[in-house]
Amino acid sequence: METKLEFVRSIESALGVSFGEDGDKVILVALTTSLAVIFGLIAFLWKRSGDRTKEIKPVVVPKAMQPLEEEDELDADPSKVKVTVFFGTQTGTAEGFAKALAEEIKARYEKAVVKVVDLDDYATDDEQYKEKLKKEALAFFMVATYGDGEPTDNAARFYKWFSEEKEGDPWLQQLSYGVFGLGNRQYEHFNKIGKVIDDQLCEQGAKRLIPFGLGDDDQCIEDDFSAWRDQLWPELDNILRDEESTPAVATPYTAAILEYRVVIHDSSAGLHENKQLNMMNGNASYDIQHPCVVNVAVQRELHTPESDRSCIHLEFDLAGTGIKYETGDHVGVYAENCEENVEEAARLLGQPLDLTFSIHADNEDGTPLGGSLPPPFPGPCTLRTALSRYADLLNPPKKTALVALAAHSSEPSEAERLRFLSSQQGKDDYSQWVVGSQRSLLEVLAEFPSAKPPLGVFFAAIAPRLLPRYYSISSSPRFVPNRVHVTSALVYGPTPTGRIHKGVCSTWMKNAVPLESSHESSQAPVFIRTSNFKLPADPSVPIVMIGPGTGLAPFRGFLQERYVLKEEGAQLGPALLFFGCRNRRMDFIYEDELTKYEDEGVISELIVAFSREGPQKEYVQHKMMEKAAQIWEMLSQEGYLYVCGDAKGMARDVHRSLHTIVQEQEKVSSSEAEAVVKKLQMNGRYLRDVW
Ligand SMILES: Cc1cc2nc3c(=O)[nH]c(=O)nc-3n(C[C@H](O)[C@H](O)[C@H](O)COP(=O)(O)OP(=O)(O)OC[C@H]3O[C@@H](n4cnc5c(N)ncnc54)[C@H](O)[C@@H]3O)c2cc1C
Ligand SMILES: NC(=O)c1ccc[n+]([C@@H]2O[C@H](COP(=O)([O-])OP(=O)(O)OC[C@H]3O[C@@H](n4cnc5c(N)ncnc54)[C@H](OP(=O)(O)O)[C@@H]3O)[C@@H](O)[C@H]2O)c1
Ligand SMILES: Cc1cc2nc3c(=O)[nH]c(=O)nc-3n(C[C@H](O)[C@H](O)[C@H](O)COP(=O)(O)O)c2cc1C
């Protein structure tokens, strides 16, 4: 009966209604019967039918819910102080830090009423952002920088408004704040978003409680966050500690280890492996929370057999899904872990792969479990499904994961070593043994065989959720309306421990089975992410495209679009495409297509740098220097310059070359050249899609 009540509760919560106690039995029968039919039908359609592309609806990937009790608590007790912790995140780190900060503030200060807020959920428009921010007295911002010094998707709306909000008198004088930025020093615009928000808050009159925190995930960002947080407590003691109260936290604060409630199900009771498909919310559009399961229509290798690397051309079939995209957009792909890693994980956890279970963030009576548990993934499902779809098994574990592992190690020496690695004193060991040697979670589990965390702890506190990977779409919907093309370089190589790192998504794509060779084709939940990497509205405007390796991807889409425009009679302006690869016999991807487009006048010239053919490296930027006068002439005619590919090396070097071209061609000083380049960027005529 326990499972049945649980089932009714989950339906109530999914539908947002309560059926009451008396209705249980009738509703249970009606719901189980109708849902069994629906589940069966959808599972049938999704599983292995040849007609799966029809009637496709979004999958729901749960997003954290925002509790509403804080406002009530503040109204009821005027001595309470509201604290808001905002986060801007792409891959969850900033959200984790925001929640950890909130938990510790709650534990330290009785009078604090703390709320963690996704910046996107805070307000529906600029006006509301302003009105609500004016009412905040104490706020913290955990914000990551992405793309080319850009905000995360969930901070984009807030950032655009807030960074441009310059008019009038300072209007945030009532606010005390702190900003912790998340970034990586190897990127050109290190922590730009955090810095801009910090400066702007200060400019608008808010009081900076603590210097800007410069988180760098090239090193140990958890340590940066801890150090920043430690600076905060003396400041918060002044604001949030009552005179008469005992000193804040006599013993050092230790965060509780998060744990889901786990319900084991009878495997014969009927699996809801594809239950995610049944949690439709009527939402007709697809996004990161509502991806759409699509088939792989085409998959082929782009490198020649002579190459010792791999780059895959993949086509997702969009027919019947209603998915729309524009040339230059990104596609997000939820891939699955490969079988060997899933099996290894189950072995290390000491659990059978066919174990059927579900995880819950509430108690049996429906009250929340507390802490800041991420929303559970859909269940019941087998452990195989949970490990394949939802667990990040290959990234190095965070320190908080080591603490949770230590708590479940039966061998005291192992527990001690794990605690040391996660401690301040073990900082150097952690950074060398875990981060430096790229030890995966699986490798760490294997090194501590007595650590056998229960599944509720494993999925809540040890293995982060497996995240979607993004790809620059390498097609144009005007050329292939029902397809999204992807050009994916296989991540495959040894790590310092000797493990061969096989990238999750690129390996999945490498092994994907296309519809063209089997009805049992591979499928993945996908969604489109719009981008501003777009061709000029007027096709006669000159364009310069620079994309070595997989950086070619969006330009293939650009060329397809120009081809269609040309066929339709448009007058195309001059277009240069700089491509780079190692050797023409190995990795000159899409060579035939590119030369054909050149012959047909879709581009004026294809310029290729082969880095490993001659005695010296030749890169796209060297070729750019050879064409400096032509590039500058095109830019001077209101032309656009696009760069795509590796952010850490190539895009930086290309930026420097562009700077040199401007300086030499215009005969101006270095700072004047930089101003010209900046202006190009500001005007949206120097666009970068780099990662
Ligand atoms: C906006 C955007 C657009 C993108 N477009 C494209 C595209 O068009 N084509 C494309 O191929 N990629 C593209 N990428 C990169 C892509 O999203 C994935 O990061 C890439 O495919 C690797 O994912 P994976 O799951 O295979 O590897 P993961 O499992 O994520 O492994 C890669 C990570 O593992 C670590 N690692 C450990 N050992 C190694 C090793 N020996 N070699 C490399 N990494 C190692 C690194 O930290 C690396 O980040 C894009 C990324 C972004 C953000
Ligand atoms: N973050 C991720 O998940 C991820 C995923 C895929 C790729 N990448 C990275 O992105 C980069 C591109 O990968 P790819 O497979 O598409 O391309 P690639 O085949 O590795 O490189 C394409 C060409 O660019 C050259 N190149 C290397 N450094 C350069 C620089 N500083 N300036 C200009 N050209 C340069 C290469 O030359 P040489 O090799 O001969 O030096 C090669 O000729 C790689 O660095 C790869 O590690 C990252
Ligand atoms: C594709 C990509 C682009 C990035 N761009 C930048 C950047 O321009 N500047 C920077 O400081 N950090 C950059 N980073 C690093 C992230 O900000 C850093 O990994 C951060 O910890 C992510 O936080 P999140 O997990 O909350 O999203 C980038 C990371 C990725 C994967």
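The values are calculated or read from the model by the stated rules, or taken from the named source; none is laboratory data. Note that the coordinates shown come from a computational prediction; the quantities given were computed from them, not determined experimentally. Using ideal geometry, Cβ is built from the backbone for each residue, glycine included, and neighbour counts are taken over all protein chains shown. With ligands, DNA and RNA removed, areas are computed over all heavy atoms of the protein, side chains included. Shrake-Rupley method; radii C 1.70, N 1.55, O 1.52, S 1.80 Å.
Please enumerate the residues belonging to the range 341-356 that are over 13 Å from Phe458 (Cα atoms) and in contact (Cβ under 8 Å) with a residue 40 or more places away in the chain.
Within the range 341-356, Asn341, Val342, Glu344, Asp354, Leu355, Thr356 meet the criteria.
Within the range 167-207, track down each residue that is more than 16 Å from ligand 2 (Cβ to nearest atom), in contact with a helix residue (DSSP H, G or I) (Cβ under 8 Å, 6 or more places away or on another chain) and closer than 24 Å to Glu150 by Cβ.
Leu172, Tyr177, Gly178, Val179, Phe180, Gly181, Leu182, Ile193, Val196, Ile197, Gln200
Here Ala406 fits the description: closer than 16 Å to Pro453 by Cα and surrounded by 15 or more Cβ atoms within 10 Å (Cβ to Cβ). Residues in the range 148-170 that are within 16 Å of ligand 1 (Cβ to nearest atom) and at positive phi: 1 in all.
Being open to solvent by 10 Å² or more (accessible area, probe 1.4 Å), part of a helix (DSSP H, G or I) and under 28 Å from Ser226 (Cβ atoms), is that true of even one residue in the range 176-185? Looking for residues that are open to solvent by 10 Å² or more (accessible area, probe 1.4 Å), part of a helix (DSSP H, G or I) and under 28 Å from Ser226 (Cβ atoms), one finds none in the range 176-185, hence no. The strands (runs of 3 or more DSSP E) found wholly in the range 445-507 include none carrying at least 1 residues that are assigned by the TED database to the domain that holds Ala406, buried (at least 19 other Cβ atoms within 10 Å of the Cβ) and away from ligand 2 (no atom under 16 Å from the Cβ).
If you take just the strands (runs of 3 or more DSSP E) that sit entirely in the range 276-395, which of them hold at least 1 residues that are surrounded by fewer than 17 Cβ atoms within 10 Å (Cβ to Cβ)? It would help to see each step written out before you state the result.
Numbers: elements: 292-301, 311-317, 330-333, 356-360.
In the range 276-395, the matching strands (runs of 3 or more DSSP E) lie at 292-301.
Residue check: is Glu600 farther than 21 Å from Thr660 by Cβ, out of contact with any helix residue (DSSP H, G or I) (no Cβ under 9 Å at 6 or more places or on another chain), touching a residue at least 24 places away in the same chain (Cβ under 8 Å) and charged (D, E, K, R)? Explain how you work it out, then say what you get.
Details: farther than 21 Å from Thr660 by Cβ: yes; out of contact with any helix residue (DSSP H, G or I) (no Cβ under 9 Å at 6 or more places or on another chain): no; touching a residue at least 24 places away in the same chain (Cβ under 8 Å): yes; charged (D, E, K, R): yes.
So Glu600 fails the test.
Of all the residues that make up the range 556-613, how many are of a type in the set (D, E, K, R), assigned to a loop (DSSP other than H, G, I, E, B) and farther than 28 Å from Glu638 by Cβ? Total meeting the criteria: 6.
For residues that are closer than 23 Å to Ser488 by Cα, more than 16 Å from ligand 1 (Cβ to nearest atom) and open to solvent by 10 Å² or more (accessible area, probe 1.4 Å), scanning just the range 646-682, find the one that is modelled with the highest pLDDT. Let's see the steps before the verdict.
Kept after step one, since they are closer than 23 Å to Ser488 by Cα, are these residues of the range 646-682: 646-654.
This time we only want the ones that are more than 16 Å from ligand 1 (Cβ to nearest atom), so: 652-654.
Keeping just the survivors that are open to solvent by 10 Å² or more (accessible area, probe 1.4 Å) gives 652-653.
Values: Arg652: 94, Asp653: 97.
The selected residue is Asp653.
If we scan the range 205-213, do we find a residue that is part of a strand (DSSP E or B), closer than 16 Å to Val85 by Cα and in contact with a Cys (Cβ under 8 Å, 6 or more places away or on another chain)? Yes, the range 205-213 contains at least one residue that is part of a strand (DSSP E or B), closer than 16 Å to Val85 by Cα and in contact with a Cys (Cβ under 8 Å, 6 or more places away or on another chain).
What tally of residues in the range 117-147 results from selecting those that are open to solvent by 30 Å² or more (accessible area, probe 1.4 Å) and either at positive phi or away from ligand 1 (no atom under 16 Å from the Cβ) (or both)? So that I can check it myself, show each step before the final result.
The first filter runs over the range 117-147 and keeps only residues open to solvent by 30 Å² or more (accessible area, probe 1.4 Å), leaving 120-121, 124-128, 130-132, 134-135, 137, 146-147.
Applying the additional criterion that residues be either at positive phi or away from ligand 1 (no atom under 16 Å from the Cβ) (or both) yields 120-121, 124-128, 130-132, 134-135, 137, 147.
Number of matching residues: 14.
Taking Asp199 as the residue in question, decide whether it is among the acidic types (Asp, Glu), under 27 Å from Lys130 (Cβ atoms) and at pLDDT 95 or above. Break it down into steps so the answer makes sense when it comes.
Values: among the acidic types (Asp, Glu): yes; under 27 Å from Lys130 (Cβ atoms): yes; at pLDDT 95 or above: yes.
Against the criterion (among the acidic types (Asp, Glu), under 27 Å from Lys130 (Cβ atoms) and at pLDDT 95 or above), Asp199 qualifies.
Every residue, every condition in (1) open to solvent by 10 Å² or more (accessible area, probe 1.4 Å); (2) within 16 Å of ligand 1 (Cβ to nearest atom), yes or no:
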{"position": "Arg556", "(1), (2)": "yes, yes"}
{"position": "Gln560", "(1), (2)": "no, yes"}
{"position": "Glu568", "(1), (2)": "yes, no"}
{"position": "Leu572", "(1), (2)": "yes, no"}
{"position": "Ala575", "(1), (2)": "no, no"}
{"position": "Arg584", "(1), (2)": "yes, no"}
{"position": "Asp592", "(1), (2)": "yes, no"}
{"position": "Asp599", "(1), (2)": "yes, no"}
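Phe558: hydrophobic (A, V, I, L, M, F, W, C), at pLDDT 95 or above and under 21 Å from Ala647 (Cβ atoms), yes or no? Against the criterion (hydrophobic (A, V, I, L, M, F, W, C), at pLDDT 95 or above and under 21 Å from Ala647 (Cβ atoms)), Phe558 qualifies. Residues that are open to solvent by 70 Å² or more (accessible area, probe 1.4 Å), outside any helix (DSSP H, G or I) and of a type outside the set (D, E, K, R) within the range 620-645 comprise just one, Gln637.
Matching residues to (1) modelled with pLDDT under 95; (2) within 16 Å of ligand 3 (Cβ to nearest atom):
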| site | (1), (2) |
| --- | --- |
| Ala407 | no, no |
| Glu411 | no, no |
| Glu414 | no, no |
| Arg417 | no, no |
| Lys427 | yes, no |
| Ser431 | yes, yes |
| Val444 | no, no |
| Ser450 | no, no |
| Tyr470 | no, yes |
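Does Glu150 meet the test of being in contact (Cβ under 8 Å) with a residue 40 or more places away in the chain, within 18 Å of the chain's Cα centre (by Cα), open to solvent by 10 Å² or more (accessible area, probe 1.4 Å) and closer than 30 Å to Asp287 by Cβ? So Glu150 passes the test. Of everything listed in (1) open to solvent by less than 30 Å² (accessible area, probe 1.4 Å); (2) more than 16 Å from ligand 1 (Cβ to nearest atom), the single unmet condition for Gln173 is (1).
Do you know which residues across the range 650-691 are free of Cβ contacts under 8 Å to residues at least 24 places away in the same chain and either in the same structural domain as Glu188 (by the TED database) or of a type in the set (A, V, I, L, M, F, W, C) (or both)?
Val668, Ala673, Ala675, Val676, Val677, Met682
Can you find a residue that is over 23 Å from the mean Cα position of the chain (by Cα) and within 30 Å of Tyr686 (Cα to Cα) anywhere in the range 505-515? Checking the range 505-515: not a single residue is over 23 Å from the mean Cα position of the chain (by Cα) and within 30 Å of Tyr686 (Cα to Cα). Take the residues of the range 508-534 that are assigned to a loop (DSSP other than H, G, I, E, B) and open to solvent by less than 20 Å² (accessible area, probe 1.4 Å): which is farthest from ligand 2 (Cβ to nearest atom)? Per the criteria, the residue is Ser521. Total residues in the range 410-441 satisfying the condition of being among the polar types (S, T, N, Q) and under 27 Å from Gly379 (Cβ atoms): the figure is 1. Against the numbered list (1) out of contact with any Lys or Arg (no Cβ under 7 Å at 6 or more places or on another chain); (2) more than 24 Å from Leu373 (Cβ to Cβ); (3) within 14 Å of ligand 1 (Cβ to nearest atom), Val504 comes up short only at (2).
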